[in-house]
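**Q** Quick one: this structure, given as structure tokens, is what I'll be asking you about.
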Amino acid sequence: MKVLKGLPVSDGIAIGKAKYVNKTKFKIKKKSIKEEEVDSELERFETNLQNVLAELDELIENFSLSKDNQDILNTHKMILKDPDFIEKIKKMISQELMSLEQAIKKHFTDIMAIFNNMENNFYAERSSDYEDVAYRFLKHAMNIKSSDFSNIDKNSVIFIDRISPSEVTKAYEREIQGIVVDQGSKNSHSSIIARSMNLPMVVTSEEHKKKISQNTMVIVDGSEGKIYVDPDEETLHKFTEKKKIIEKRSQELEKLKYKDSVTKDGKKIGLMSNIEIPEEIVQVKHNNSAGIGLFRTEFLFIDRENLPTEEEQYKIYSEIAEKVAPHPLIIRTIDIGGDKLSSILNIEHELNPNLGCRGIRLSFENIPVFKTQLRAILRANKKGNIKIMFPMISCVYEVMKAKKIISECKQELDKVNEVEIGAMIEIPSAAVNAKSIAKECDFLSIGTNDLIQYTLAVDRDNQTVAEYYRPAHPSVLQLIKMTVEKAHKQNTKVAVCGEMASQEQFIGILLGLGIDELSVSPAKVLRIKEKIRNTDIKKQKEIANKMCKMSTEKEVMDFLQRSER
Ligand code: PEP
Ligand code: MG
């Protein structure tokens, strides 16, 4: 047994045979043609060329594609549009009487051989571009379906160079056990999707993969990032048992899918999902969650050179709103820190981006960009289930200013549906001023990730100070309590959409503090629903009130443990 270590990107255990999903080996049967077939073969070339180019265009326009991938596909288009390429293929067909497939294969194999013989990385990379183009073209010409993993047994772990978000979705639908990729990172879109689908995934290296041959038994431990190759009996048994426990648990949770999210003492709690990219909607639907409580729209503004157009945004928002209707879709307007956006919005470098031009401040600095997003949202609200939420609100004035801009957008547009407005409460001043903010809003949503960061003055992404990041610190609990009490006096509901809502241990406290709705990671919906259903609000209220009066997080956590016993 060998144990290889990779990067863990999606939890869970996969046990199965290693199946390499590499480029399909094309068997070209018809190598030559007759003279009288030349015209039809040339016509076939033209049709397939146009189809491949159209497919590339479609992929490039795909909203979930990263800038890097778009660049690669644009290079592929250039290869196919190269007059030299077109002329050579036509010549091979008409003069050398080669079939289209044979001509394509020969052309690209020759080019790749030249590049491969050059001892230079740059050219080796170009070679793989040519391979990709040849692969795509042959797939079209030979009418071979794209990789939907339909020929892969469900008891397999797929090994693939890189995987797109839609391919992760396909692997999930095919009930593939797990995924091992060469290229990827924790925050890539494919990893986000794998996590939200509970599909174990590890990123490893080409080097590692060489040590695993096709059909070898493997265990992938997605939480540790480990791959056990050809495991011994004992290891196999240990992980089979572990996997069984996880599966049993998720089967139990599946039973809750159509049950209400209501506490033991009868309070109905709205339980929604947070999404970062549109593909996550699959899991939102799968878990039957009551809509989307936070749609982070940052993916539209990062990793690309151009700002998203109103039309592009309109298309995305409409599609998701349609899919979750009649449930709500809460779209949060752009919320990025200065440096991340500098390439498209020319924001100056900031020494302290978390306290700088982020969230609503960034939108106020870039009114045309803000208005484009708002117009797209307003137009997309055809079913009336979209709500708008503003990030990083520090006082009611910002809500009023944002609402005024919405009114201007409405005037610029033809008739649009009414839209509810909400503010995120993630800055302590907003919690303290929750009364006036609630008066201006239809709903509030507490972003605990930032609320903790700003209350305790601890950078949420800085590992060195991670021990100071204390979600259950009494001051954080008091701010939540304060927000709820002030908002309820205005008859405004309060949700929590920060990570705290996805952590089972905090559900009792949040509900005890009076929270009305929770918006959680799609993979956690059922676990949180189970927790809600086991909560007795009256009892939790007492506990939470006591906690608010404590002095340290440790006291709160100790008390929490004791009260759960
Ligand atoms: C939060 O701050 O809790 C939140 C939900 O927003 P984000 O994590 O996107 O900052
Ligand atoms: Mg936030």
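**Q** Condition check: within 16 Å of ligand 2 (Cβ to nearest atom), among the aliphatic types (A, V, I, L, M) and open to solvent by less than 20 Å² (accessible area, probe 1.4 Å). Does Ile331 satisfy that?
**A** yes
**Q** A further question on this structure: Just to be sure before I move on: is Asn187 assigned to a loop (DSSP other than H, G, I, E, B), open to solvent by 10 Å² or more (accessible area, probe 1.4 Å) and either in contact with a helix residue (DSSP H, G or I) (Cβ under 8 Å, 6 or more places away or on another chain) or modelled with pLDDT of 85 or more (or both) in the structure I sent? Even if it seems obvious, please write down each step before you answer.
**A** On the way: assigned to a loop (DSSP other than H, G, I, E, B): yes; open to solvent by 10 Å² or more (accessible area, probe 1.4 Å): yes; either in contact with a helix residue (DSSP H, G or I) (Cβ under 8 Å, 6 or more places away or on another chain) or modelled with pLDDT of 85 or more (or both): no.
Taking the combined requirement at face value, the residue does not satisfy it.
**Q** So, in the stretch 148-162, how many residues would count as being open to solvent by less than 20 Å² (accessible area, probe 1.4 Å), under 15 Å from Pro200 (Cα atoms) and out of contact with any Pro (no Cβ under 9 Å at 6 or more places or on another chain)?
**A** Total satisfying the criteria: 4.
**Q** Here's another thing I want to ask about it. Based on what the data block shows, is Ile245 within 29 Å of Ile13 (Cα to Cα), more than 16 Å from ligand 2 (Cβ to nearest atom) and in a helix (DSSP H, G or I)? Outline the logic, then answer.
**A** Working: within 29 Å of Ile13 (Cα to Cα): yes; more than 16 Å from ligand 2 (Cβ to nearest atom): yes; in a helix (DSSP H, G or I): yes.
Criteria met by Ile245.
**Q** Shifting gears a bit: Go through the stretch 469-506 and count every residue that is open to solvent by less than 10 Å² (accessible area, probe 1.4 Å), over 20 Å from Lys387 (Cβ atoms), more than 16 Å from ligand 2 (Cβ to nearest atom) and in contact (Cβ under 8 Å) with a residue 40 or more places away in the chain.
**A** The number of residues fulfilling the criteria is 3.
Condition check ((1) more than 16 Å from ligand 2 (Cβ to nearest atom); (2) in a helix (DSSP H, G or I); (3) out of contact with any Gly (no Cβ under 7 Å at 6 or more places or on another chain)) across all residues:
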position	(1), (2), (3)
Gly508	yes, yes, yes
Glu530	yes, yes, yes
Thr535	yes, no, no
Met550	yes, no, yes
Glu555	yes, yes, yes
Asp558	yes, yes, yes
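**Q** Would you check if there is a residue in the stretch 391-398 being within 22 Å of the chain's Cα centre (by Cα), within 16 Å of Thr297 (Cβ to Cβ), open to solvent by less than 40 Å² (accessible area, probe 1.4 Å) and within 16 Å of ligand 1 (Cβ to nearest atom)?
**A** Among the residues of the stretch 391-398, at least one is within 22 Å of the chain's Cα centre (by Cα), within 16 Å of Thr297 (Cβ to Cβ), open to solvent by less than 40 Å² (accessible area, probe 1.4 Å) and within 16 Å of ligand 1 (Cβ to nearest atom), which makes the answer yes.
**Q** Kindly establish whether Arg136 is surrounded by 14 or more Cβ atoms within 10 Å (Cβ to Cβ), at pLDDT below 75 and under 24 Å from Ile89 (Cβ atoms). It would help to see each step written out before you state the result.
**A** Details: surrounded by 14 or more Cβ atoms within 10 Å (Cβ to Cβ): yes; at pLDDT below 75: no; under 24 Å from Ile89 (Cβ atoms): yes.
So Arg136 does not fit the description; no.
**Q** Also: In this structure, does Val369 turn out to be away from ligand 1 (no atom under 16 Å from the Cβ) and open to solvent by 10 Å² or more (accessible area, probe 1.4 Å)?
**A** Values: away from ligand 1 (no atom under 16 Å from the Cβ): yes; open to solvent by 10 Å² or more (accessible area, probe 1.4 Å): yes.
Yes: the conditions hold for Val369.
**Q** Let me ask something else about it. Going through Thr464, Thr483 one at a time, which residue ends up being hydroxyl-bearing (Ser, Thr, Tyr) and either within 16 Å of ligand 1 (Cβ to nearest atom) or within 24 Å of Thr333 (Cα to Cα) (or both)?
**A** Working: Thr464 fails: either within 16 Å of ligand 1 (Cβ to nearest atom) or within 24 Å of Thr333 (Cα to Cα) (or both).
Selected residue: Thr483, the only one of Thr464, Thr483 that is hydroxyl-bearing (Ser, Thr, Tyr) and either within 16 Å of ligand 1 (Cβ to nearest atom) or within 24 Å of Thr333 (Cα to Cα) (or both).
**Q** Can you find even one residue in the stretch 526-547 that is under 16 Å from Gly293 (Cβ atoms) and within 16 Å of ligand 1 (Cβ to nearest atom)?
**A** Among the residues of the stretch 526-547, at least one is under 16 Å from Gly293 (Cβ atoms) and within 16 Å of ligand 1 (Cβ to nearest atom), which makes the answer yes.
**Q** Let me ask something else about it. When Phe364 is evaluated against the numbered criteria (1) part of a helix (DSSP H, G or I); (2) of a type in the set (A, V, I, L, M, F, W, C); (3) under 21 Å from Glu310 (Cβ atoms); (4) open to solvent by less than 10 Å² (accessible area, probe 1.4 Å), which criterion, by number, is the only one it fails?
**A** In the conditions (1) part of a helix (DSSP H, G or I); (2) of a type in the set (A, V, I, L, M, F, W, C); (3) under 21 Å from Glu310 (Cβ atoms); (4) open to solvent by less than 10 Å² (accessible area, probe 1.4 Å), Phe364 misses (4) alone.
**Q** Could you look through the stretch 65-99, keep only residues that are modelled with pLDDT of 80 or more and not in a helix (DSSP H, G or I), and pick out the one that is most open to solvent (accessible area, probe 1.4 Å)?
**A** Gln95
**Q** State all residues of the stretch 27-64 that are assigned to a loop (DSSP other than H, G, I, E, B) and either open to solvent by 90 Å² or more (accessible area, probe 1.4 Å) or among the charged types (D, E, K, R) (or both); if no residue qualifies, say none. Step through it out loud before you land on a result.
**A** As a first pass, look at the stretch 27-64 and keep what is assigned to a loop (DSSP other than H, G, I, E, B): 27-31, 33-34, 62-64.
Correct list: Lys27, Lys29, Lys30, Lys31, Lys34.
**Q** Only one residue in Asn381, Asn417, Asn433, Asn385 is touching a His at 6+ places or on another chain (Cβ under 9 Å) and either away from ligand 2 (no atom under 15 Å from the Cβ) or aliphatic (A, V, I, L, M) (or both), so which one is that?
**A** Residue meeting the stated conditions: Asn385.
**Q** What number of residues within the stretch 74-113 are in contact (Cβ under 8 Å) with a residue 60 or more places away in the chain and of a type in the set (S, T, N, Q)?
**A** Narrowing the stretch 74-113 to residues in contact (Cβ under 8 Å) with a residue 60 or more places away in the chain: 76, 93, 97-99, 101-102, 105.
From what is left, the residues that are of a type in the set (S, T, N, Q) are 99, 102.
Counting residues in the stretch 74-113 that are in contact (Cβ under 8 Å) with a residue 60 or more places away in the chain and of a type in the set (S, T, N, Q) gives 2.
**Q** Within the stretch 436-465, how many residues are within 14 Å of ligand 2 (Cβ to nearest atom), closer than 30 Å to Arg379 by Cα and more than 23 Å from the chain's Cα centre (by Cα)?
**A** Qualifying residue count, the stretch 436-465: 1.
Conditions tested, residue by residue: (1) buried (at least 18 other Cβ atoms within 10 Å of the Cβ); (2) at pLDDT 90 or above; (3) more than 16 Å from ligand 2 (Cβ to nearest atom); (4) not in a helix (DSSP H, G or I).
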position: Glu279; (1), (2), (3), (4): yes, no, yes, no
position: Lys285; (1), (2), (3), (4): no, yes, yes, no
position: Ala290; (1), (2), (3), (4): yes, yes, yes, yes
position: Pro326; (1), (2), (3), (4): no, yes, yes, yes
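**Q** Is there a residue being assigned to a strand (DSSP E or B), open to solvent by less than 20 Å² (accessible area, probe 1.4 Å) and polar (S, T, N, Q) anywhere in the stretch 259-273?
**A** yes
**Q** Counting just the residues of the stretch 514-534 that are under 15 Å from Thr448 (Cα atoms) and open to solvent by less than 10 Å² (accessible area, probe 1.4 Å), which one comes out farthest from the chain's Cα centre (by Cα)?
**A** Checking each candidate, the answer is Ile515.
**Q** Looking for something open to solvent by 10 Å² or more (accessible area, probe 1.4 Å), in a loop (DSSP other than H, G, I, E, B), within 16 Å of ligand 1 (Cβ to nearest atom) and within 21 Å of Cys548 (Cα to Cα) - is there at least one such residue anywhere in the stretch 438-448?
**A** Among the residues of the stretch 438-448, not one is open to solvent by 10 Å² or more (accessible area, probe 1.4 Å), in a loop (DSSP other than H, G, I, E, B), within 16 Å of ligand 1 (Cβ to nearest atom) and within 21 Å of Cys548 (Cα to Cα), which makes the answer no.
The values are calculated or read from the model by the stated rules, or taken from the named source; none is laboratory data. Please read these numbers as outputs of a predicted model, since none were measured by experiment. In this analysis, Cβ positions are derived from the backbone assuming ideal geometry, glycine residues included, and neighbour counts consider all displayed protein chains. Side chains included, ligands, DNA and RNA excluded: accessible areas come from the protein's heavy atoms. Shrake-Rupley method; radii C 1.70, N 1.55, O 1.52, S 1.80 Å.
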